[in-house]
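The values are calculated or read from the model by the stated rules, or taken from the named source; none is laboratory data. Model, not experiment: these values are computed from the prediction. In this analysis, Cβ positions are derived from the backbone assuming ideal geometry, glycine residues included, and neighbour counts consider all displayed protein chains.
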Amino acid sequence: MGKERRIRKTARNNPLGTRRGVKTDTALPLTEELDFLKTKEATASLGFSLDELLQKLQSQVPDDRTSAAVILANLSSSPSTVDGVKRLDIIKFAAPLLLDKNIHVRLNISRFLGALGNTGHSTCDKLVEGGVMAIIGQVLARFIGCDWSKIDKSQNTVLADSLYLLEKLCESSAEAVEFFNKQNLIDVVLPLLSVELTRSFTISAAAGMCLLAVTEDNPELEERLRSEIPAIKGIITQSHASMSQIFMRAIGVALLYNLDDPNSDPSFQLEALKGVLETPSEQLSALVSEKIVKVTEIERARDIEVENLEKLHKEVDAHVSELSELLRAKKLALEVLTNWCCAGDDDDDDDGWEDDDSDGGSSQASIDETMDTGTNGEDTLSPEFMRATRVASLLPVILRQTVDLLPHQNESFKLSAATQNLRAEAEDVRCRAYLCIDNMFQRLRIEDFGGPDEVRLLFETLMKAMIEVCRADKDLFEVISSALRGILDCILRTEKSRRPNVMSCVNAESLMMVCETSQKGRCASTKMNICRIVTTLALLEASLSPGAVEFLFVVATGDSDVRICAEAFDCIIDLFSGDDYDVYVREFQLVEKLRRALPNFRTMYRALGKGETKMLAVTCGKNLRRFIDYKARRRP
């Protein structure tokens, strides 16, 4: 039939080095309710109003500046009040205090600005507009040629916070990257990558994460850093006894990936990433859990001296820091692998698109069955990378990263704010591992994962995991369904004689429960993943077709999101494109039902403005008409 369709892109926008706490842009209109500082309650509790706060930020009295900085740091740390301080005037008055003589002012302002940087792209734009980039540049300049042995912990904290804020701004704003390049901040940041210089893994890791942000899609800087590749490889090859060193190793590999060195050996980087992922976190998680429970019990009993309690808190903080560094290293390693498997994917080109849903050509007499549900991206990966992947045997290592914390650890980690962040970081690692599995299967072949038996076991594991989480955790449901979709795409494009037998892992009743759950308030990508999973399973086992088409038709005609409707219609076309499925087309009266559904679908996408979503829907509409015409002619 000459089916025209938009193939699912495998590339995901996964900027390397994203820290936990970064949310999607949730900037809201600054109403009286959100603007805490304008309320009478705020004036009563703080003792001053917004105008007075701005005056205190400019005061010549150190105590006034300190109290204002503390207030801003506290307000920005709370989700209920942070929106009220995301104001350009506050930023402009607060940012220069990063250079204040008083270290307590600098510490709290760095906390305040760092918290704002984690709330979304529009806030980062405000920070750039407020002159924060220039202030950070001055902060960094103070450390040029300094005696690092005389830099205390508080100064280290301000520097690390400034570097992480710089990372976030450059990740969000092209203007920030332009400023970074123009002011040659690389000459200040690059030396900080050396632990031998800074005597602090915290500073060197922050510098490394900043470099990851600024080297992404920055040819000018990439060329400048190519001469540093031997030094970066030196970071990777150092012996790694501590979690801080393992984190630095992951940063080093990620930097090599960003620099895209043509002489780089993929096996060297993959083995390094494998080493990071193989570092066990279970024992450290158990230790942190045990310590936090002990401290909580002691605090409740109040039967210990303050000095001993402080000592215990320091022990907990040290273990929490270690586990956090390991989890961040694992997440970064998985991000590199995920992006590596996206290499060669380009954004779809919308140039020349016309808002025209006419047929635009004659229907052909057959449907091109080679345009299946998956994309074979093998030709975009180098043979060296594919060989290195097989040798490294990464799949079992990645799968181990999907294991959750033990139930009692999850409960104990809720007892402390610091360990609550650990729970979130551990969840990040799990989600990234599932996405990594998805992208690897979209790019590689069954043989690259150990053969059909290994893939079948993985499919069975993920099916069980999806059934367990589909009702409880929407984020995990999304990423597991994405991984299963990738696996099934890979199986479908494999020759029948080499396909693993995954149908024995499919329970029809459980699958139907997953389908029903996916349609109850879940995100669009989850719904589309489930549509594609059901379709591919029906293509692998024709007896599932009646149930599959019934589900797909309900989604296609009942969802309010045109993207989901288009995906479901596209799945129906893919499922019944083969002539051997005509019996199901007649049994379900598919031609008549699609004819009745098409006008409503056309009305939906015609109401959209020009853009990629409308283009997808228009293409789907053309395919539907061709499919209907072709199948109508085949009826006896």
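For this structure, a couple of remarks:
- Test: ARG485 is in contact with a Lys or Arg (Cβ under 6 Å, 6 or more places away or on another chain), in contact (Cβ under 8 Å) with a residue 40 or more places away in the chain, within 27 Å of THR338 (Cα to Cα) and among the basic types (Lys, Arg): yes
- Some residue of the range 441-459 being over 24 Å from the mean Cα position of the chain (by Cα) and under 16 Å from SER482 (Cα atoms): yes
- Hits in the range 151-179 - residues which are in a helix (DSSP H, G or I), under 20 Å from THR119 (Cβ atoms) and either of a type in the set (Gly, Ala, Ser) or not assigned by TED's automatic domain parsing to the domain that holds VAL132 (or both): ALA160, SER162, SER172, ALA174, ALA176
- Residue satisfying all of: in the range 554-586; aliphatic (A, V, I, L, M) and farther than 30 Å from GLY609 by Cα; farthest from the chain's Cα centre (by Cα) among these: VAL583
- Residues satisfying the stated conditions in the range 275-290, i.e. buried (at least 17 other Cβ atoms within 10 Å of the Cβ) and either closer than 23 Å to THR215 by Cβ or among the hydrophobic types (A, V, I, L, M, F, W, C) (or both): GLY275, VAL276, LEU277, LEU284, VAL288
- Residue list for the range 180-202, restricted to those being touching a residue at least 40 places away in the same chain (Cβ under 8 Å) and assigned to a helix (DSSP H, G or I): PHE180, ASN181, VAL188, VAL189, LEU192, LEU193, VAL195, LEU197, THR198, PHE201, THR202
- Meets criteria (surrounded by 14 or more Cβ atoms within 10 Å (Cβ to Cβ) and acidic (Asp, Glu)) for ASP64: yes
- Any hit, the range 183-203, residues being surrounded by fewer than 16 Cβ atoms within 10 Å (Cβ to Cβ), under 27 Å from the mean Cα position of the chain (by Cα) and not basic (Lys, Arg): no
- Search result, residues across the range 598-636 that are assigned to a helix (DSSP H, G or I), free of Cβ contacts under 8 Å to residues at least 40 places away in the same chain and more than 20 Å from VAL554 (Cα to Cα): ARG633
- So VAL214, is it part of a helix (DSSP H, G or I), within 30 Å of SER162 (Cα to Cα) and of a type in the set (Val, Ile, Thr): yes
- In this structure, THR517 does not qualify as part of a helix (DSSP H, G or I), in contact (Cβ under 8 Å) with a residue 60 or more places away in the chain and among the hydroxyl-bearing types (Ser, Thr, Tyr).
- Residue in the range 489-510 that is in a loop (DSSP other than H, G, I, E, B), among the acidic types (Asp, Glu) and farther than 28 Å from ARG596 by Cβ present: yes
- Odd one out for CYS146, checked against (1) out of contact with any helix residue (DSSP H, G or I) (no Cβ under 8 Å at 6 or more places or on another chain); (2) assigned to a helix (DSSP H, G or I); (3) of a type outside the set (D, E, K, R); (4) under 21 Å from ASN102 (Cβ atoms): (2)
- Summed over the range 234-250, residues that are surrounded by fewer than 13 Cβ atoms within 10 Å (Cβ to Cβ) and either assigned to a helix (DSSP H, G or I) or assigned by TED's automatic domain parsing to the domain that holds LEU211 (or both) total 2.
- Out of ALA205, ALA272, ALA231, one residue alone is assigned by TED's automatic domain parsing to the domain that holds GLY145 and assigned to a helix (DSSP H, G or I). It is ALA205.
- The range 534-558 residues that are farther than 14 Å from ALA508 by Cβ, paired with ones that are outside any helix (DSSP H, G or I) (beta carbon under 7 Å, 6 or more apart): THR535/THR373; THR536/THR373; VAL549/PHE588; VAL555/GLN519
- Inspection of the range 533-553 finds a residue satisfying the criterion of being under 30 Å from VAL479 (Cα atoms) and not in a helix (DSSP H, G or I).
- Condition met for GLY578 (farther than 30 Å from ARG606 by Cβ and either assigned by TED's automatic domain parsing to the domain that holds MET615 or aliphatic (A, V, I, L, M) (or both)): yes
- Residues within the range 76-99 that are part of a helix (DSSP H, G or I), more than 21 Å from LEU159 (Cα to Cα) and either in contact with a Lys or Arg (Cβ under 9 Å, 6 or more places away or on another chain) or at pLDDT below 90 (or both), tallied: 5
Listed here are the residues, each with its yes/no results for (1) β-branched (Val, Ile, Thr); (2) touching a Leu at 6+ places or on another chain (Cβ under 8 Å).
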| position | (1), (2) |
| --- | --- |
| VAL82 | yes, yes |
| ARG87 | no, yes |
| ASP100 | no, no |
| ILE103 | yes, no |
| ILE109 | yes, yes |
| LEU116 | no, yes |
| HIS121 | no, no |
| CYS124 | no, yes |
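- Counting the residues of the range 389-409 that are modelled with pLDDT of 80 or more and part of a helix (DSSP H, G or I) gives 10.
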